[in-house]
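I have placed the structure first, in the form of structure tokens, so that the comments after it can refer back to it.
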Amino acid sequence: MFEAGHVYKRFTLANGEKVTLRVLRWEDLDGLLMFINSLVEEKRGDTESSLYTGFDRKVTREEEVEWLVQTLVAIEGENVINVVADINGKIIANGDVTRGSYKDTRHHGHLGLTVISKYRGQGIGRRMIETLVRESRRAGLRALDAEFLADNETARRAYEKASFKQAGIIPHKVFRNGRYFDGLIMAREL
Ligand SMILES: CC(C)(COP(=O)(O)OP(=O)(O)OC[C@H]1O[C@@H](n2cnc3c(N)ncnc32)[C@H](O)[C@@H]1OP(=O)(O)O)[C@@H](O)C(=O)NCCC(=O)NCCS
């Protein structure tokens, strides 16, 4: 169930576009490069971007090769549970649960998820969280957390719908365009 390319789910958006939720595969390299660099552009161009940390500069193909190789190895070893959203072969979202790396934190996972701006608010993130929760439980995890900007209402609601509860606020976690923003952590048992 965790092998590269494995399909979890297919569904259709209100505008008729067909979405496939599946595990990453090696052939996604160029699609991923376009995906990640479109997020770098979003963060640079929009001072109100809801994107959290990361996405500081454009990623080269070599860097993406390295990231993809490491991630595919981690997926194979069940250290990462991954789901991407694919529309006509284009990657429009990526989500990962990364397991704790110590023996006594291996049952815990940190969830990270990003949908490109054009496709937000259409139920894709909610379905990806559901998939990651289900697959994490299947992999033996017992708890998950996620962290994002405290004023990101879409993220808060998406996680609330998946039974996450607010675990805490990190004051001034992010400094961007001359302003501080709080981070919000949500968590749940599995
Ligand atoms: C946070 C994120 C992953 C959510 O994915 P999404 O596909 O946009 O979310 P969904 O469309 O599934 O919305 C989830 C719920 O939030 C609510 N919601 C959607 N848009 C909203 C908005 N603009 N304001 C408030 N609530 C909203 C809805 O109740 C929705 O539930 P529904 O499916 O019953 O309508 C996505 O918006 C994103 O990538 N944001 C930027 C990156 C980020 O913040 N990642 C942090 C997560 S670790």
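Here is how the numbers come out for the structure above:
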quantity	calculated
In the chain, lysine pairs with alpha-carbon atoms under 22 angstrom apart (chain gap of 8 or more, or interchain)	15
Percent accessible area from carbon and sulfur atoms, the chain, protein chains only, probe 1.4 Å	49
Of Gly54, Gly95, Gly16, the one that fluctuates the most in a GNM where the chain has Cα springs shorter than 10 Å	Gly16
The chain - percent relative contact order, Cα under 8 Å, separation 6 or more	17
Highest-MSF residue in the chain out of Val83, Val115, Val69 [GNM, Cα springs under 10 Å]	Val69
Probe 1.4 Å, protein heavy atoms only - accessible area per residue of the chain in square angstrom	54
Projected area averaged over orientations for the chain, convex hull of C-alpha atoms, nm²	10.7
Sequence of Tyr159, Tyr102 when ordered by accessible area, the most exposed leading, probe 1.4 angstrom	Tyr102, Tyr159
Distance from the range 121-190 to the range 1-66 (C-alpha centre basis), Å	18
Average Cα contact separation per residue, the range 7-63, under 8 Å, 6 or more apart, as relative contact order %	25
Among Gly125, Gly178, Gly112: highest mean-square fluctuation, GNM of the chain, C-alpha pairs under 10 Å	Gly178
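The values are calculated or read from the model by the stated rules, or taken from the named source; none is laboratory data. All of these numbers come straight from a predicted model, not from anything done at the bench. When the accessible area is computed, the model is the full protein with side chains, heavy atoms only, and any ligands, DNA or RNA have been set aside. Shrake-Rupley method; radii C 1.70, N 1.55, O 1.52, S 1.80 Å.
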